[in-house]
1. Over 30 Å between Cα atoms, which of LYS82/LYS179; LYS33/LYS143; LYS120/LYS169; LYS82/LYS126 qualify?
2. For LYS66 and PHE109, FRET efficiency with R0 = 22 Å and r from the beta-carbon atoms, rounded to 0.05?
3. When the Karplus curve 6.51 cos²θ - 1.76 cosθ + 1.60 is applied with θ = phi - 60°, which whole-Hz ³J(HN,Hα) does each residue of segment 135-152 get, with x for Gly and Pro?
4. Each residue of segment 19-31 in turn: what ³J(HN,Hα) in whole Hz from Karplus with 6.51, -1.76, 1.60 and θ = phi - 60°, glycine and Pro shown as x?
5. Mind scanning LYS21/LYS63; LYS103/LYS170; LYS21/LYS111 and naming the pairs with a C-alpha gap bigger than 18 Å?
6. Using alpha carbon centroids, what distance separates segment 133-152 and segment 27-84, in Å?
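Every read-out reported here was derived from the displayed coordinates using simple, explicitly stated rules and does not represent laboratory data. Predicted model, so just to flag it, every value in this text is computed and none were measured. Note: ideal-geometry Cβ built from the backbone for every residue, glycine included; neighbour counts use all protein chains shown.
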Amino acid sequence: MALFVLLVFFSCNSLDNDEYKILNLTISKYVFKELDPRAISDTATKYNISGPEAISIIDSYRKKEKYTFTMSDTLVPVNIPKDNRDALHQTYYFNEIENRSDKAVPIDFSKVEYPENLKKVTKAVKDENYVGHYTFHRVLFDKSRERAYIQIDLPEEQVRFGTIGLRLKKKNGNWEFEK
């Protein structure tokens, strides 16, 4: 009986493989150095090209740069305003009890993958290659575990900051962001 209680405790207080897959996908897509609008404009002017073309040029250079970021050591509880929460429940039928979304859970960083040019550091290094501090929330899954929702608290230093929510779906066994 004691073994059963311990198994239930640890299973409710740890992340599962899908949560790590979603966390890794989210880090790869949403943790990055923001583009400076002035740099976009300067590049577009210098090469006499459009803004999107300038962004492509800047992005190609940035892939070679090394960036650092910090993140919380836990996935924190989901924090959705009631009206948004009700809309999500109606659309996706999320099951919060199954997802344990009201409890912070430590992250096993040996299961976290980072893009090649991105490194998690334990302490912020306020230089031009530091992209900020990110906090990730627990993942909500629908009852079929084919759809999910994750929130990220973006760094306050960036133009795009605050909490954003992302919806995902599982397609052919892989998670992808909904458009």
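1. LYS33/LYS143; LYS82/LYS126
2. Values: r = 18 Å, r/R0 = 0.84.
Working from the Cβ atoms, E equals 0.75.
3. Per-residue couplings from phi come out as 10, 10, 9, 4, 8, 9, 10, 7, 4, 7, 6, 9, 10, 8, 9, 9, 10, 10 Hz.
4. 5, 5, 4, 5, 4, 5, 4, 5, 4, 5, 9, 10, 9
5. Working: LYS21/LYS63 22 Å; LYS103/LYS170 24 Å; LYS21/LYS111 9 Å.
Checking Cα-Cα distances, LYS21/LYS63; LYS103/LYS170 exceed 18 Å.
6. A separation of 21 Å, based on Cα centres.
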